[in-house]
Amino acid sequence: MIPLLKLKGVSKRFGGVHALRQCNFSLQSGEIHFLIGANGCGKSTLSKIIVCALEKDSGEILYNGNPVNFSNPGDARQAGIDVVYQELSLIPDLSVQENMFLGSRNQGKLGFTDTKAQEKICRAALERFKGVVSENLTPDIPVNRLTADERQIVEILKVFIREPKVIILDEASSSLHSTQVEILFNLVRELKEKGHSVIMISHKMKELFEIGDRATIIRNGLTVATVELKESSHEEIVTHMVGEQYFSADKINRVPKDEIFLTIKDLSAGKLKDINLTLFKGEILGLSGLQGQGQSELLLTLFGGHPEYKGDLFLDGKKLNLRSPAHSVRDGFAYISGDRKSYGVFPVRSILENTVLAYLKKTGRKFFSRKSLRSEVLPILERLDLIYDNLDDSISQLSGGNQQKIIIGRWLMTGPKVILMDDPTKGVDIKTKEELYALMKELCDTGVSIIWNSSEDQEILRNADRVLVLNDGWIVDELREDRLSEYELYKAAMA
Amino acid sequence: MKNLKPVLIYVKNPTVIATGIALLLLVVGEFRAPGFAKFSQIINMLTVASFLGIVAAGQNLVVLSGKGVIDLSVGKMVTLGAILGGAIANGMDSGVVLAFMVVMIVTFSVGILNGIGVTLIGIPPLIMTLSMGIVVESMSRFVTGGLAVKGATPIMSTIVTGRFLDIPGIIYIWIVFTVLMIFFQNNTRFGMSLYNMGNNDEAARLSGLNVTWLRITTYGLSSMLAGLAGFFYLGYLGSIYNISLGNKYTLASVVAVVVGGVSLSGGKGGYLGVAVGCILLQFLESFLTVQSIPPWGREVIMGVTLLVLLTAYAREKKLRQ
């Protein structure tokens, strides 16, 4: 039987990074096929290449046995391949109905839209989700008045009403409630019965085994295996995902002091649910799991980004009130983001200015001479082994790694107690990364504690003392010592 | 070629460019109308420029704070400063201190309202400050009650126009003011914060700064400086002849700031450049006057100058990316 859709040797590079290498994938008619893999393995890239939201560098795509070359997602849609994106693509001010028919062909005569006919289809589609969404969800309500899950439902229905031959669901269920997911699955099964095919990207093992026929596992841009789900197991899939077990020979087990530093009790904020954790003095505590499960949000909450949080926090015995970054800085927190451009550097300002602002604020100094600032900054920059010409040079002249060192320097000057790091090594070269790990350990030896979120599983397993795995805003597992492995990590993250 | 690099950086510095053009104008002016570059004439031009210098300082700070904020109420605030000062002092030297205090407090408060509107309420800066300008103009009208307000008191005139070594007081005031501004921008946390938040608002907030409060205060300072300029302007004019006397400062302050190398997107440009920009603008205006170009023609040229500069800077920004 000719597969409905077949990818042969598809590759894609972003700059020097191979996102996909010689990927093969085949989809049968009437099949529900999962794409799974670890963080940044290339799942989303692959799905984008199928509909030509991204252009492939090489390889071939066969559709119904014929090579196709779409030039944009519109072409793919014409051919019957459509995607429900993870990032929402709705227009907030338009109504549900208008959004649903955006980009579809007209329903009426002479090129006019037949709003009556549209409304009928729209109502029928919404009817499917009756009972699991609020009464609010009607064809004429503007999308910006809907909740996140209702928006996702509109997004899903927008694609389903077109009844495409191939439908790609990119983590479409992640923002839905379980009752809503049931209905989504019914829709998927109906399509399947009609002989249509569905590609699903999901991190939930439960869903995978509940509804999937086959799964293709991607690891580091390679399609490593395609398995029949009836004959497979959770363990087999995780093993494919993480590959050869990585044993950290160079892992030195540091022993943090047995002194509780930060206690978080029943913290809820935004996506976070009932977070309970303790951080020891001098400890590097890793946050891991699949990306976007609340790790960044936890760090931001601690840094005063969610003033409406619920829960109790104690640092060094003192109760905290996380109202704003200014409060958190005063309490002894520091925040370092991997997104330096948005949250870190002042690009046209000098190295000196980039280093001192938080320090001046925390120490309450209102006036200064540049000369004395220089002499205060120098020891810190020396400690960071920073190579630069002149303190008055703009920070943009430095490499990403060195910029990140300056940001670390900015916080070291404030004498922080807890450093919050949100994927700090993003875009940093390997040598500097190693220096940063060493620095983190050195800092912790002096009594600072670090909470560290990383999207690079290897680095966190190798360098953190303890790793908490987050899933959908909950802490689902705590890995330590010999359980610090990718296998354990993904087993917990995808349960 | 390598040796040229430092020289090039120097030549591309907006302050240096503005200074060069200002000197060029003096030379050309002297050729076209002998006496244009005479000492007394230059002093006259600097005297007039000093008021704009104080107004533009406020504009400088507001623009620095970033997020595309701007203060288009400064012209009306100059008028308010002059009229309120005149009305309260009521021609008597004994009332000058009180008049000064009231002008400072009132204009600062109005500026705070501008800041609150822009930051907390989220009104676009152009709309907020233009509307506030209209309110302020009505306040000025209310203070005058449609009648003539008493003019400057003797001491006000003396401070502004009284000469020492042939140079009027206002120029000394402006020099001291310039030094203070430069100190403020380079050696205070507030000043440095403005640069940094203008550069990256979110990073500044995450460094523990209260960017909202800083921006509100900056609007307050801008209005207050405009009020201060108006107060001095009254001393210079002696009497108020027109409710629209400050209007020209709105556009002029923006032009001066841009000429001085301040980026309208924030975070870049110091007061020295702005001060030179003010002098350049005054030289240009005087030059055009000597060339018998009527007031409307001068305004056209001012507007075109701003557009040309903005085009040039926009291009530079594109090139950098």
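Structure values in brief
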quantity	calculated
Segment A:260-493 - percent relative contact order, Cα under 8 Å, separation 6 or more	30 percent
In range of the label at B:ASN90: residues from segment B:139-175 whose backbone nitrogen is under 18 Å from the point 7 Å along Cα→Cβ	B:142-156
Residues whose placed amide H lies under 5 Å from that of A:VAL476, excluding near-sequence neighbours	A:VAL469, A:LEU470, A:ASN471
Cβ-defined net charge surrounding A:LYS318, 15 Å radius [Lys, Arg +1; Asp, Glu -1]	+2
Surrounding net charge for A:PHE70, when Lys and Arg each add one and Asp and Glu each subtract one, Cβ distance under 11 Å	0
Cβ crowding within 10 Å averaged over residues, with B:48-60, A:174-186 ranked highest first	B:48-60, A:174-186
Shielding by partners, peptide B:190-200 (average Cβ within 10 angstrom, other chains)	5
Length released on extending from A:THR226 to A:GLU259, taking residue separation times 0.36 nm less the Cα-Cα span	7.1 nm
Charge-dipole axis of the protein assembly as shown as Lys and Arg at +1 and Asp and Glu at -1 on Cβ define it, positive-most pick from A:LEU378, B:GLY270, A:SER11	B:GLY270
Charge sum, other residues only, whose C-beta stays under 13 Å from A:GLY338's C-beta, Lys/Arg counted +1 and Asp/Glu -1	-1
Radius, Kirkwood style, for segment A:5-242 when every pair of distinct Cα atoms is counted (Å)	18.6 Å
Spin-label pair A:GLN397/B:LEU23, simplified geometry with 7 Å Cα→Cβ offset, distance in nm	2.6 nm
Antiparallel bridge percentage (DSSP; both residues within segment A:260-493; nearest 5)	55 percent
Whole-Hz couplings from phi, Karplus 6.51/-1.76/1.60, listed for segment A:155-168; x for Gly and Pro	4, 5, 5, 3, 7, 5, 5, 7, 6, x, 5, 10, 10, 10
For A:LEU222, residues with placed amide H under 5 Å, excluding near neighbours	A:ARG21
Dipole in debye (nearest 20) - chain A, about Cα centre, beta carbon charges: Lys, Arg +1; Asp, Glu -1	1140 debye
A:ASN186-A:ALA495 FRET efficiency (beta carbon distance; Förster radius 25 Å; 0.05 resolution)	0.60
Unsatisfied cross-links (Cα-Cα over 26 Å) in the set A:LYS362/A:LYS405; A:LYS341/B:LYS268; A:LYS12/A:LYS441; A:LYS230/A:LYS491; A:LYS271/A:LYS491	A:LYS12/A:LYS441
Chymotrypsin sites (Phe, Trp or Tyr not before Pro) lying in DSSP loop within segment B:201-281, provided at most 12 other Cβ fall within 10 Å	B:TYR241
Geometric extent, Cα atoms of the protein assembly as shown - Rg, Dmax (angstrom)	32.8, 103
Karplus-derived 3J(HN,Hα), 6.51/-1.76/1.60, for each residue of segment B:237-248, Hz, glycine and proline x	6, x, 8, 9, 10, 7, 6, 9, 4, x, 3, 4
Peptides A:45-51, B:14-20, B:118-124, B:197-203 ordered by average Cβ neighbours within 10 Å, highest first	B:197-203, A:45-51, B:14-20, B:118-124
Average beta carbon contacts from partner chains per residue of B:204-216, 10 Å cutoff	6
Highest to lowest packing among A:378-391, B:132-145, scored as the average C-beta count within 10 Å	B:132-145, A:378-391
Inter-chain Cβ neighbour average for residues A:348-361, partner chain, 10 Å	5
Ranked A:LYS417, A:LYS204, criterion: other C-beta atoms within 10 Å, fewest first	A:LYS417, A:LYS204
Length-normalised contact order of segment A:5-242 in % [C-alpha pairs under 8 Å, at least 6 apart]	29 percent
For segment A:167-314, the Rg and Dmax computed from alpha carbons only, in angstrom	20.2, 62
Computed over segment A:343-495, Kirkwood Rh from alpha-carbon pairs, angstrom	17.0 Å
Structure-based [θ]222 nm, the protein assembly as shown - -39500 (n - 2.57) summed over DSSP H runs of at least 4, per residue, nearest 500	-16000 deg cm²/dmol
Modelled label reach - B:ASN13, point 7 Å along Cα→Cβ, segment A:326-362 residues with backbone N closer than 20 Å	A:348-353
Sites B:THR311 and A:ARG13 - FRET efficiency at Förster radius 30 Å, r taken between beta-carbons, to 0.05	0.20
Two-decimal ratio, segment B:23-158, of alpha-carbon radius of gyration to 2.2 N^0.38 Å	1.30
Unit charges at the beta carbon, dipole of segment A:5-242: most positive-side option, A:SER233, A:SER44, A:ILE141	A:SER44
Phi-based couplings in Hz for segment B:251-263 (Karplus 6.51, -1.76, 1.60; Gly and Pro marked x)	5, 4, 5, 5, 4, 4, 5, 5, 4, x, x, 8, 7
Relative contact order (percent, whole number), chain A, Cα cutoff 8 Å, 6+ residue spacing	15 percent
The protein assembly as shown: antiparallel DSSP beta bridges as a percent of all, rounded to 5	55 percent
Extreme residue, positive dipole direction of segment A:260-493, given options A:LEU489, A:GLY305, A:PHE368 (C-beta unit charges)	A:PHE368
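Every read-out reported here was derived from the displayed coordinates using simple, explicitly stated rules and does not represent laboratory data. As the structure is a prediction and not an experimental result, all values here were calculated from the model. We place every Cβ from the backbone using ideal geometry, glycine too, and count neighbours over all the protein chains shown.
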